[in-house]
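Asker: Here you go, one structure.
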Amino acid sequence: MISQSFEYSAPRTLAEALALLAGGDAKVLAGGMSLIPMMKLRLAAPGRLVDLSRVPGLTGIREQGGALHIGAMTTHYEVESSAVLRAKCPLLAETASAIGDVQVRNMGTIGGSAAHADPAADYPAALLAVEAKVTLARKGGERTLAFSDFLIDTFTTALEPGEILTGVIVPVEPAGAGVSYQKMLQPASGFAIVGVAARVHNGSVRIGVTGLSGKAFRAAAAEKIFAETRDVQKAAAAVPLGVEANSDIHASADYRRHVAAVYAARALNAALSRAS
Amino acid sequence: MATTITKPDTLVGKRIKRKEDPRLITGTATYVDDIQMPGMHHACILRSPHAAARIRSINTHAAAGHPGVVAVFTGADVAGVGPVPCGASLPGLRVPHHSILAKDRVYFVGHPVAVVVARDRYIATDALDLIEVDYDVLPAVADPEKALAPGAPAVHPEWPDNIAFTYHQEGGEPDKAFAEAEVVVKQRITSQRLIPTAMETRGVVAEHRAGQLTIWSSTQIPHLMRTLVAMMLGVPENLLRVVTPEVGGGFGSKLNVYAEEALMGFVAMKIGKPVKWIESRRENYLCTIHGRGHVDYYEIAARKDGTVLGLKLKLIQDLGAYHQLLTPAIPTLSVLMMPGLYRFRNVSADIIGAFTNCVPTDAYRGAGRPEATHGVERMMDLLAVELKADPAEIRLKNFIGADEFPYATATGLSYDSGDYAKPLKKALDIVDYHHLRQEQARAKAAGRLMGVGLSTYGEICAFGPSPATPAGGWESATVKVEPTGKVTVMTGASPHGQGEETTFAQIAADELGVTMDDVTVIHGDTAVVQYGIGTFGSRGTAVGGPALYFAIQELKKKIVKFGAMLLDSDDVSFSGGLCVCNKSGKTVPLAAIAGASYRAMKLPAGEQPGMMATYFWEPPNFAFPFGAHIAVTEIDRDTGQVAIKRYVAVDDCGKIINPLLVDGQVHGGVVQGIGQALYEQAVYDDNGQLLTGELTDYAIPKASMVPWIESSHTETPSPVNPLGVKGVGEAGTIGCSPAVVNSVVDALSHLGVRHIDMPLTPERIWKLISAGGRA
Amino acid sequence: MKQTITVTINGKAYSHEVEPRLLLIHYLREVLGLTGPHVGCETSICGACTVAVDGRAVKSCTMFAVQADGRQVVTIEGLAADGALHPVQQAFWEQHGLQCGFCTPGMIMTSRQLLERNPSPTEAEIRHGLEGNLCRCTGYQHIVNAVKAAAQAGK
Ligand SMILES: Cc1cc2nc3c(=O)[nH]c(=O)nc-3n(C[C@H](O)[C@H](O)[C@H](O)COP(=O)(O)OP(=O)(O)OC[C@H]3O[C@@H](n4cnc5c(N)ncnc54)[C@H](O)[C@@H]3O)c2cc1C
Ligand code: FES
Ligand code: FES
């Protein structure tokens, strides 16, 4: 459980970080809660780590033009305990509080989680449900992408080599919106066997699902059924339909599909009860 | 037999906080990995990635040349080292040669193949990647029933049937009992493979200096280890010292002599430098013993009125690829305890020990008894269901009576003392059984799945009379009063978390009339402490305690003699730390007596100077704690998740020396039982790959996964020892799993569910609920 | 390439040349001889290695020493001030919150963080707050009691 050797840099500016990343097999280090375990298992062996923890401007939560800008290096604990987020984007705060354990939440970052695209990670479900965007910086430029376009597949995102995810943008929830994140835990690791984020507003619903398949997804068919019928059970039952479900020693594909429907109903009901 | 001592106002019996804690809560305790020595090197072990393979060749050239590496050894280098020992003997037992590094074949994933020794562990880890092993991969078998099937791959080619031994035991007239029975109930019941998971993995430091080899090992049995490692290495036992520093939990997994102790001894002698090996968690899961691994076929015979007549068991034990110290003996303990607390006069058991391409099984907390209790307690519930009887009633009806002790069981044991109805009735009162059943009926009527599960267990512990144990069942103690009056106790038991530094100090302080602070308890160093057996099988207090008690009685005789001399009286008694002349009332304190014994200006006739006594106590019998546990569960019918709503444990471990510590043992034991019931299982795939190879996949309970445990006691003293103690280290684990499983089966019984094998994962339960339809 | 780091540990500044891959836990244990934090799993599950970095409880097996450069680290050895036990340490002792003691340094460090953030936790909050720390001996009940007692003492 010891990594291979590598070089380490802790740049003090974003430009410096981007420059360091440009060369060779460098990798960004954020909270390290996913990357370091992989390096210790020697599943990842970057030649250089570029630690973003000392780059100013990558942390913190700021409101601007009806949206909340969350720095990529904002930790899960900061999201979970942020008064602003609790009031204005409670789904994100609730989801953050369901991640791992205290120590993991103290280190792990929202940018790291988004960039890592672990199929059992919690944030992606919520980020899809709130229709988040991500900002990506590269040498000499920046782009903004919908999170749904950013997330491509298992451990795969739209990040180009040399690019850094600098922040996540989520809309301020309108009054009357109701949200909920429901997660069944894998008892050993604490990751999601299945996690469902639901957000309802004015009778329309958005459902983000994680853990069920190779990547987190919006349950579009279920959302549509709900819009048409307002029937929670029917909508929830549609969540796993047609999904190629993961299967491992902790849960078979069938069970995961079943739990996804059950947890979707729970998330929908909880969100509805909080909505007005 | 001695009678039980009870004295008013003593330390024994009080909730006293532990003497060992200050070093542990400040981070200043020394575990094996905390040892640092000048010039110390680090060893890492290359292990087989295959469950069965021939080794065609090993190329260590690149690793040996890696900067910082001082040596690489393979099986060929250690050919002179004796095999890893098996201490158990059974008629006809097949014992494979278990060399400390693989020779030409590997038998399980994790089998040690080579060892790299380097300046530090980072370099040693890097060098492991440079060793090339050419394997010819062979078919493997990882399931004991599959291993016994015709045509299965042979784990050891010399024994193609994969049978290590068969064992038959019978008492009474089982066939007649079954022929005459009005009801017979049968069930296949498994106790899955578990990984002990002491939070500290194993570790060994070895140093060879000035002709003496010293081995520091995280073990429960330092003296036995010294003897066995001396034999493996061929070094004189009196030039080998084994030191057990702080041990971070054992639960049986450190009741063993593994390849690595001898291997590090070998390395230290070869390189002439101290060497350290610390097991990674993955190695711990792959190579340290597992527990349980039973497939049991039970049959119970009874009359219609619920009177039990007989019990039959066919037991298939998954042994793994080798025998560790006690591997084949563990299932025989299950057989001994199969009658549980009941009047089974007719029993028969057949064990088949099956080799598999897995790491060996051996003693894990409870060792054989949880399996037995799980079996008989499940069977009693199945019988109750069959007869539409109440599970509490059927137990009360068949208990051995409080007036029947000592009770000779059909398996040849003599239960020392008991009142089995007492804890059950107490537990039933605590949960308010009658109302609980009404509440359950209402819950079920409302469509909720609520269950009530009982388990009444007996366990054999305080191992034990020497003739019944492989390596001596006695324990030793030395007690010294130093010249200043301070008391030093040296115990041959080697506690590792159980708190004997405290309980033994309580005993010594009471007996010698000194304070707890005046007593120091030393253990775990073969150069300092007289030979001892160790701590396992709930014996630390139950066998080590009486040894200490008797050593003190010996010492007291000497104290009185010196006191008489100093008081110039022939009528002297000793109590409260003073010798008193019963005529004049004059006193002399212990410190003065001790001082005089060492100065030795004058000696009582026939006495030696000094104030020390040693006692090796041979217990006349085992002790048999018992108890009753009740679990109330509710099942989420949509997902199959089990919530334990209430957990009540009433345990009788004889006399209680420190209730705080006893509660701690019960809580810890119950939570390991819950782990087995709900979460834990070592999963091997068909190729013998361990799929639960890290704590990210093997779920031991976290704080949020277990309920509050309502623990209380009854106290039936054991007549086996003068302290009246029985032992409590394993009780919680033994009592727990059947309570939980019985509760969950009870919750689902109306859906037609009769039995569920552990662990009761949500998915397993959900499948049963789905199959049974929504009632 | 080795790098020089300066870390303040239990109030004292240290400077060392380290390999970037050196884990913080190994830096503390093997370079500085602070063997209070333990290694129980290496996969960030057990929490035995928990220390505080800039006031945050972290698993030092999942952090490189270079990441701690310029930061404040507190280990179990740094909790007792002038020989007086920290209230959480005291409570673990009083309530028998430990048996083998291997999980204890990490358990105490996390409990301390928990109480800093939530001075009057419920039983459920304590159990949830300790999910990153495994104990195989105690069954957690006496640990829960210890955290409650420490909370009480802190009032
Ligand atoms: C014990 C444990 C339990 C956990 N449980 C959960 C859980 O229940 N749910 C859950 O969702 N997660 C869980 N995690 C994962 C955790 O949330 C991680 O923090 C997260 O997945 C990654 O964030 P990080 O900041 O630690 O990223 P790192 O580990 O530092 O990086 C992860 C990857 O993303 C890249 N990266 C990081 N930041 C950026 C950036 N700004 N721009 C570009 N690339 C970047 C890195 O190069 C790396 O490839 C757990 C982790 C552990 C150790
Ligand atoms: S050793 Fe760090 S969490 Fe287990
Ligand atoms: S006290 Fe032993 S692991 Fe917690």
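The values are calculated or read from the model by the stated rules, or taken from the named source; none is laboratory data. From a predicted model like this one, the values you see are computed outputs, not experimental measurements. Backbone-built Cβ (ideal geometry, glycine too); neighbour counts: all protein chains shown. Side chains are part of the model used for accessible areas, which takes the heavy atoms of the whole protein and leaves out ligands, DNA and RNA. Shrake-Rupley method; radii C 1.70, N 1.55, O 1.52, S 1.80 Å.
Asker: Working only within the range B:32-65, note down all residues that are surrounded by fewer than 19 Cβ atoms within 10 Å (Cβ to Cβ) and assigned to a loop (DSSP other than H, G, I, E, B).
Answerer: The answer is B:Ile35, B:Gln36, B:Met37, B:Pro38, B:Gly39, B:Met40, B:Pro49.
Asker: Run C:Phe102 past the list (1) within 14 Å of the chain's Cα centre (by Cα); (2) under 16 Å from A:Gln103 (Cβ atoms); (3) open to solvent by less than 20 Å² (accessible area, probe 1.4 Å) and report the number of the one that doesn't hold.
Answerer: Status for C:Phe102: all satisfied but (2).
Asker: Let me ask you something else. Which residue out of C:Val144, C:Val73, C:Val53, C:Val88 is within 16 Å of ligand 2 (Cβ to nearest atom) and in contact with a helix residue (DSSP H, G or I) (Cβ under 7 Å, 6 or more places away or on another chain)?
Answerer: Only one candidate passes the filter, namely C:Val53.
Asker: Which residue is farthest from the chain's Cα centre (by Cα), if the candidates are limited to the range B:676-727 and must be under 30 Å from B:Phe622 (Cα atoms), of a type in the set (Val, Ile, Thr) and open to solvent by less than 20 Å² (accessible area, probe 1.4 Å)?
Answerer: Ranking the candidates gives B:Thr714 first.
Asker: Here are some residues: A:Ser273, A:Ser252. Which one is more than 14 Å from chain B (Cβ to nearest Cβ) and either open to solvent by less than 20 Å² (accessible area, probe 1.4 Å) or at negative phi (or both)? Outline the logic, then answer.
Answerer: Working: A:Ser252 fails: more than 14 Å from chain B (Cβ to nearest Cβ).
Selected residue: A:Ser273, the only one of A:Ser273, A:Ser252 that is more than 14 Å from chain B (Cβ to nearest Cβ) and either open to solvent by less than 20 Å² (accessible area, probe 1.4 Å) or at negative phi (or both).
Asker: I'd like to know if the range C:48-64 contains one or more residues that are more than 22 Å from A:Tyr77 (Cβ to Cβ) and either open to solvent by 30 Å² or more (accessible area, probe 1.4 Å) or more than 9 Å from chain B (Cβ to nearest Cβ) (or both).
Answerer: Looking through the range C:48-64, none of the residues is more than 22 Å from A:Tyr77 (Cβ to Cβ) and either open to solvent by 30 Å² or more (accessible area, probe 1.4 Å) or more than 9 Å from chain B (Cβ to nearest Cβ) (or both).
Yes or no, residue by residue, for (1) more than 30 Å from A:Arg206 (Cα to Cα); (2) within 16 Å of ligand 2 (Cβ to nearest atom); (3) crowded, with 21+ Cβ neighbours inside 10 Å:
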| site | (1), (2), (3) |
| --- | --- |
| A:Arg12 | yes, no, no |
| A:Arg48 | yes, no, no |
| A:Val55 | yes, no, yes |
| A:Glu63 | no, no, no |
| A:Ile70 | no, no, yes |
| A:Ala83 | no, no, no |
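Asker: Can you go through C:Glu131, C:Glu116 and tell me which one is surrounded by fewer than 24 Cβ atoms within 10 Å (Cβ to Cβ), within 16 Å of ligand 3 (Cβ to nearest atom), within 13 Å of chain A (Cβ to nearest Cβ) and modelled with pLDDT of 95 or more?
Answerer: The conditions single out C:Glu131.
Asker: Among the β-branched types (Val, Ile, Thr), more than 14 Å from every other protein chain (Cβ to nearest Cβ) and buried (at least 19 other Cβ atoms within 10 Å of the Cβ): is that true of B:Val632 in this structure?
Answerer: Yes; evaluated as a whole, the condition is true for this residue.
Asker: Need the failing condition index for A:Leu92 against (1) crowded, with 23+ Cβ neighbours inside 10 Å; (2) away from chain C (no Cβ under 14 Å); (3) within 11 Å of ligand 1 (Cβ to nearest atom), just the number.
Answerer: With (1) crowded, with 23+ Cβ neighbours inside 10 Å; (2) away from chain C (no Cβ under 14 Å); (3) within 11 Å of ligand 1 (Cβ to nearest atom) applied to A:Leu92, the lone miss is (3).
Asker: Given the residues B:Gly447, B:Gly451, B:Gly401, B:Gly458, which is the only one that is on the phi > 0 side of the Ramachandran plot and out of contact with any Lys or Arg (no Cβ under 6 Å at 6 or more places or on another chain)?
Answerer: B:Gly447
Asker: Let me ask something additional. Restricting attention to the range A:220-229, does a residue exist that is part of a strand (DSSP E or B) and within 27 Å of A:Val134 (Cα to Cα)?
Answerer: Within the range A:220-229 (the criterion being part of a strand (DSSP E or B) and within 27 Å of A:Val134 (Cα to Cα)), the answer is no, since none of the residues qualifies.
Asker: Can you say whether C:Leu98 is touching a Ser or Thr at 6+ places or on another chain (Cβ under 8 Å), more than 16 Å from ligand 1 (Cβ to nearest atom) and closer than 22 Å to C:Gly11 by Cβ, as far as the supplied structure shows?
Answerer: no
Asker: Give me the strands (runs of 3 or more DSSP E) completely within the range A:1-53, filtered to those with at least 1 residues that are away from chain C (no Cβ under 11 Å), ordered by residue number. Full working, then the answer.
Answerer: Numbers: elements: A:7-9, A:26-29, A:48-51.
Passing ranges, in order: A:26-29, A:48-51.
Asker: On to the next question. Filter the range A:173-225 down to residues that are open to solvent by 10 Å² or more (accessible area, probe 1.4 Å), more than 16 Å from ligand 1 (Cβ to nearest atom) and of a type in the set (S, T, N, Q) and give me whichever is nearest to the other protein chains (Cβ to nearest Cβ).
Answerer: Per the stated criteria, the residue is A:Ser204.
Asker: Show me the strands (runs of 3 or more DSSP E) found entirely inside the range C:1-108 where at least 3 residues are more than 24 Å from B:Ala198 (Cβ to Cβ), touching a residue at least 12 places away in the same chain (Cβ under 8 Å) and more than 16 Å from ligand 3 (Cβ to nearest atom).
Answerer: Passing ranges, in order: C:3-9, C:12-18, C:72-74.
Residues checked against (1) out of contact with any strand residue (DSSP E or B) (no Cβ under 8 Å at 6 or more places or on another chain); (2) away from chain C (no Cβ under 12 Å); (3) outside any loop (DSSP other than H, G, I, E, B); (4) not aromatic (Phe, Trp, Tyr):
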site: B:Ile656; (1), (2), (3), (4): no, yes, no, yes
site: B:Leu661; (1), (2), (3), (4): yes, no, yes, yes
site: B:Val666; (1), (2), (3), (4): no, no, yes, yes
site: B:Val670; (1), (2), (3), (4): no, no, yes, yes
site: B:Ile674; (1), (2), (3), (4): no, no, yes, yes
site: B:Ala677; (1), (2), (3), (4): yes, yes, yes, yes
site: B:Ala682; (1), (2), (3), (4): no, yes, no, yes
site: B:Asn687; (1), (2), (3), (4): yes, yes, no, yes
site: B:Thr692; (1), (2), (3), (4): yes, yes, no, yes
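Asker: Show the residue pairs that are 6+ apart or on different chains and have beta-carbon atoms under 8 Å apart, the first residue being within the range B:385-396 and open to solvent by less than 20 Å² (accessible area, probe 1.4 Å), the second being part of a loop (DSSP other than H, G, I, E, B).
Answerer: Note: pairs meeting the criteria are B:Ile394/B:Gly306; B:Ile394/B:Leu387; B:Arg395/B:Leu341.
Asker: Could you tell me whether B:Gln212 is in contact with a Phe, Trp or Tyr (Cβ under 8 Å, 6 or more places away or on another chain) and not basic (Lys, Arg)? Write out each step before concluding.
Answerer: Values: in contact with a Phe, Trp or Tyr (Cβ under 8 Å, 6 or more places away or on another chain): no; not basic (Lys, Arg): yes.
So B:Gln212 fails the test.
Asker: Given the structure, is A:Ala125 assigned to a loop (DSSP other than H, G, I, E, B), on the phi < 0 side of the Ramachandran plot and at pLDDT 95 or above? Full working, then the answer.
Answerer: Details: assigned to a loop (DSSP other than H, G, I, E, B): no; on the phi < 0 side of the Ramachandran plot: yes; at pLDDT 95 or above: yes.
The answer is no for A:Ala125.
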